[in-house]
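Worksheet: the structure to be examined is printed underneath.
The values are calculated or read from the model by the stated rules, or taken from the named source; none is laboratory data. Worth saying up front: this structure is predicted, and the values here are computed from it rather than measured. Please note: Cβ atoms are built from the backbone with ideal geometry, for glycine as well, and neighbour counts cover all protein chains shown.
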Amino acid sequence: MDVEVLEGIFDANEKIARENATLLRERGVLAVNLMASPGAGKTSLIAGTLERLKGRTRVGVIEGDIASSVDAEKIRAYGVPVVQINTGGACHLDAVMIRQALDHFDLSSLDILIIENVGNLVCPAEFKLGEAMRAMILSVAEGHDKPLKYPLMFSESDVLVVNKTDLLGLGDFDMEELRRTVKRMNPDLVVFEVSCRSGEGLDAWADWLAGKGEEFRGRNPET
Ligand SMILES: Nc1nc2c(ncn2[C@@H]2O[C@H](COP(=O)(O)OP(=O)(O)O)[C@@H](O)[C@H]2O)c(=O)[nH]1
Ligand SMILES: [Mg+2]
């Protein structure tokens, strides 16, 4: 593909992403684009978040995957509205897919919409969906050097959740080194350390997210 074709694709995506963002803002729904490599713990973090926000914050979930509805079925068990998107091979979600998925939600009855993007540290960062927050997970098992190798996602995210802290000490993951690296790349990045397995750190993350949802809704007094 030549450069002009690629720019056309990005421009078209951005236009729909802006429309999604406007719709979500009007409805007072904080959309969170959750990105990470396969197996980092996206679905586990969503599950842990839903457990903690139950009865407090109304959360909907979009599950993006190349194939299958395995994650959507797991999340549906929490009794929240879930829509599965299968990209049929594409390595990321795009704004048109989200636009179609939004039609399946009663947006006025949601506070937060968590979008689990396709497992990948590269492409998802290049396609805006209309989200108000970009969140990413890095798991301890992946190594602390990943921000250097995949800088776009780390520099464009608002929040980084470092998952699988129960594995610290089993390998050579250096949390201080990771924090130094991401601070250099993205000084405003908020960092949480959690273990979806033990539950450690999840209360702090869920409270922070709920607060962001309230803040977002507060900026939309008509909702
Ligand atoms: N040890 C450990 N394993 C975890 C943790 N969080 C998730 N996992 C496991 O990692 C695997 C992938 O998790 P999943 O949530 O499906 O990741 P996703 O592909 O990013 O959605 C599963 O086997 C989880 O049980 C954690 O905090 N610690
Ligand atoms: Mg998943």
Residues that are part of a helix (DSSP H, G or I) and within 15 Å of ligand 1 (Cβ to nearest atom), drawn from the range 142-178: Glu142, Lys146, Met153, Thr165, Asp166, Leu167, Met175
Matching residues, the range 16-56, being basic (Lys, Arg) and in contact (Cβ under 8 Å) with a residue 60 or more places away in the chain: Arg18, Arg25, Arg27, Lys42, Arg52, Arg56
Failed condition for Gly60, given (1) within 14 Å of ligand 2 (Cβ to nearest atom); (2) assigned to a strand (DSSP E or B): (1)
The range 142-166: number of residues that are surrounded by 24 or more Cβ atoms within 10 Å (Cβ to Cβ) and either modelled with pLDDT under 95 or out of contact with any helix residue (DSSP H, G or I) (no Cβ under 9 Å at 6 or more places or on another chain) (or both): 0
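So, in the range 91-114, how many residues would count as being out of contact with any helix residue (DSSP H, G or I) (no Cβ under 6 Å at 6 or more places or on another chain) and either modelled with pLDDT under 95 or charged (D, E, K, R) (or both)? Break it down stepwise before answering.
Restricting attention to the range 91-114, the residues satisfying the condition of being out of contact with any helix residue (DSSP H, G or I) (no Cβ under 6 Å at 6 or more places or on another chain) are 93, 97, 100-106, 109-110, 113.
Next, from what is left, pick out any that are either modelled with pLDDT under 95 or charged (D, E, K, R) (or both): 103, 106.
Looking only at that region, the number is 2.
Does Phe127 meet the test of being among the aromatic types (Phe, Trp, Tyr) and closer than 21 Å to Lys212 by Cβ? It would help to see each step written out before you state the result.
Details: among the aromatic types (Phe, Trp, Tyr): yes; closer than 21 Å to Lys212 by Cβ: no.
Here the answer is no, as Phe127 does not meet what is asked.
Answer yes or no as to whether Ser68 is out of contact with any strand residue (DSSP E or B) (no Cβ under 6 Å at 6 or more places or on another chain), of a type in the set (S, T, N, Q) and in a helix (DSSP H, G or I).
Numbers: out of contact with any strand residue (DSSP E or B) (no Cβ under 6 Å at 6 or more places or on another chain): yes; of a type in the set (S, T, N, Q): yes; in a helix (DSSP H, G or I): no.
Against the criterion (out of contact with any strand residue (DSSP E or B) (no Cβ under 6 Å at 6 or more places or on another chain), of a type in the set (S, T, N, Q) and in a helix (DSSP H, G or I)), Ser68 does not qualify.
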Per-region count, the range 131-141, residues over 12 Å from the mean Cα position of the chain (by Cα), crowded, with 21+ Cβ neighbours inside 10 Å and not in a strand (DSSP E or B): 1
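Filtering the range 21-52 down to residues that are more than 16 Å from the chain's Cα centre (by Cα) and not acidic (Asp, Glu), which residue is farthest from ligand 1 (Cβ to nearest atom)? Spell out how you get there, then give the answer.
Filtering the range 21-52 down to residues more than 16 Å from the chain's Cα centre (by Cα) leaves 22-23, 25-28, 51-52.
Cutting the leftovers down to not acidic (Asp, Glu) gives us 22-23, 25, 27-28, 52.
On the way: Thr22: 29, Leu23: 26, Arg25: 27, Arg27: 26, Gly28: 27, Arg52: 15 Å.
If we take residues in the range 21-52 being more than 16 Å from the chain's Cα centre (by Cα) and not acidic (Asp, Glu), then Thr22 is farthest from ligand 1 (Cβ to nearest atom).
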Qualifying positions in the range 175-198 - β-branched (Val, Ile, Thr) and away from ligand 2 (no atom under 16 Å from the Cβ): Thr181, Val182, Val190, Val191
The range 205-223, residues that are under 17 Å from the mean Cα position of the chain (by Cα) and away from ligand 1 (no atom under 14 Å from the Cβ): Ala206, Asp207, Trp208, Leu209, Ala210, Gly211, Lys212, Gly213, Phe216
Any hit, the range 182-190, residues being more than 14 Å from the chain's Cα centre (by Cα) and on the phi > 0 side of the Ramachandran plot: no
Members of the range 180-196 that are of a type outside the set (Val, Ile, Thr) and either within 14 Å of Pro151 (Cα to Cα) or surrounded by fewer than 16 Cβ atoms within 10 Å (Cβ to Cβ) (or both): Arg180, Lys183, Arg184, Met185, Asn186, Pro187, Asp188, Leu189
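When you look at Pro124, is it in contact (Cβ under 8 Å) with a residue 12 or more places away in the chain and within 16 Å of ligand 1 (Cβ to nearest atom), yes or no? Step through it out loud before you land on a result.
Working: in contact (Cβ under 8 Å) with a residue 12 or more places away in the chain: yes; within 16 Å of ligand 1 (Cβ to nearest atom): yes.
Taking the combined requirement at face value, the residue satisfies it.
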